[in-house]
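Report on the structure given below.
The values are calculated or read from the model by the stated rules, or taken from the named source; none is laboratory data. Please read all numbers here as calculations on a predicted model, not as lab measurements. Backbone-built Cβ (ideal geometry, glycine too); neighbour counts: all protein chains shown.
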Amino acid sequence: MWLVVSDTHDNLVNIRKIVSEAKRRGVTHIFHCGDIISPFALKELLIAEVDFHGVFGNNDGEILLLTQRSSGRVRKGPAEIIVDGHKILLMHEPVALEALLEANVYDFIFYGHTHKLDVRRSTKTILINPGDASGYLADKSTAVFIDPSKKDIEVYEL
């Protein structure tokens, strides 16, 4: 099980709810699409025995400490990652989404920034913006859980 989350913006209450649900579901990988903001928020997202992958967002202010505290697992995007044989593109700002979706190069494309939930599928690619986990700019706080083997997607509302 995977967790895709974005735009947590230091909302520790929501981060803790998401992390609790991730633990309950046995998540093995967390993909953060940017705007963690501070190292103290990152600390909450780094769960023992769960692989963390993240990219910087436009509001991440403490780049050096986020890089150090994540052991380089938060990096500049777009970032190509291969996890369990799945080719993933991870980014904050949406760049060339339609072209990437049509190209069918990736199994998954995860992005954030817009604070709007977006789930689409092409022949091969699943594109996901998990929405606004902070709840600061959207009507509801959301994250997405994925069973990568079945390609099942569940939008989780906090």
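Provide a single number: the residues in region 110-134 that are on the phi < 0 side of the Ramachandran plot and buried (at least 19 other Cβ atoms within 10 Å of the Cβ).
Taking region 110-134 as the starting set, the residues that turn out to be on the phi < 0 side of the Ramachandran plot are 110-112, 114, 116-130, 132-134.
In the following step, the residues that additionally are buried (at least 19 other Cβ atoms within 10 Å of the Cβ) were identified as 110-112, 125-130, 132-134.
Of the residues in that region, 12 qualify.
Determine which single condition Asp132 fails, assuming it passes every other condition in (1) farther than 22 Å from Asn58 by Cα; (2) outside any strand (DSSP E or B); (3) of a type in the set (Asp, Glu).
Here Asp132 clears every test but (1).
Identify, by number, the condition in (1) among the hydroxyl-bearing types (Ser, Thr, Tyr); (2) in contact (Cβ under 8 Å) with a residue 40 or more places away in the chain; (3) assigned to a loop (DSSP other than H, G, I, E, B) that Thr114 doesn't meet.
(2)
Cβ contacts < 9 Å: first residue crowded, with 17+ Cβ neighbours inside 10 Å and modelled with pLDDT of 95 or more, restricted to region 135-158; second residue among the acidic types (Asp, Glu) and assigned to a loop (DSSP other than H, G, I, E, B), any location; separation 6+ or different chain. Result?
Close Cβ pairs (under 9 Å, with a partner that is among the acidic types (Asp, Glu) and assigned to a loop (DSSP other than H, G, I, E, B)) amount to Ser141/Asp132; Thr142/Asp132; Pro148/Asp84; Pro148/Asp107.
Can you tell me which of (1) closer than 24 Å to Gly26 by Cα; (2) within 16 Å of the chain's Cα centre (by Cα) is the one Ser149 doesn't meet?
Here Ser149 clears every test but (2).
Could we say that Leu101 is surrounded by 17 or more Cβ atoms within 10 Å (Cβ to Cβ) and modelled with pLDDT under 95 here?
So Leu101 passes the test.
Given the conditions (1) more than 14 Å from Val4 (Cβ to Cβ); (2) crowded, with 20+ Cβ neighbours inside 10 Å; (3) of a type in the set (Val, Ile, Thr), report the number of the one that Ile88 does not fulfil.
(1)
Go through Phe56, Phe31 for me and flag whichever is in contact with a strand residue (DSSP E or B) (Cβ under 7 Å, 6 or more places away or on another chain), of a type in the set (Phe, Trp, Tyr) and under 18 Å from Gly131 (Cβ atoms).
Testing whether each residue is in contact with a strand residue (DSSP E or B) (Cβ under 7 Å, 6 or more places away or on another chain), of a type in the set (Phe, Trp, Tyr) and under 18 Å from Gly131 (Cβ atoms) leaves just Phe31.
Somewhere in region 145-157, is a residue touching a Lys or Arg at 6+ places or on another chain (Cβ under 7 Å) and outside any loop (DSSP other than H, G, I, E, B)?
Checked against the condition, which is being touching a Lys or Arg at 6+ places or on another chain (Cβ under 7 Å) and outside any loop (DSSP other than H, G, I, E, B), region 145-157 yields at least one hit.
With the requirement that a residue be in a loop (DSSP other than H, G, I, E, B), surrounded by 22 or more Cβ atoms within 10 Å (Cβ to Cβ) and free of Cβ contacts under 8 Å to residues at least 60 places away in the same chain, what does region 1-55 give you?
Passing the criteria: only Ile36.
How do the pairs read when you match residues in region 64-80 that are more than 11 Å from Gly34 (Cβ to Cβ) with residues anywhere that are in a helix (DSSP H, G or I), using Cβ under 8 Å and keeping only pairs 6 or more apart or on different chains?
Leu65/Pro39; Arg69/Pro39; Arg69/Leu42; Arg69/Lys43; Ser70/Leu42
Do we find a residue being aliphatic (A, V, I, L, M), modelled with pLDDT of 95 or more and closer than 24 Å to Glu154 by Cα anywhere in region 60-67?
Scanning region 60-67 turns up no residue that is aliphatic (A, V, I, L, M), modelled with pLDDT of 95 or more and closer than 24 Å to Glu154 by Cα.
Which one is nearest to the chain's Cα centre (by Cα) among residues in region 52-106 that are small (Gly, Ala, Ser) and on the phi > 0 side of the Ramachandran plot?
Gly72
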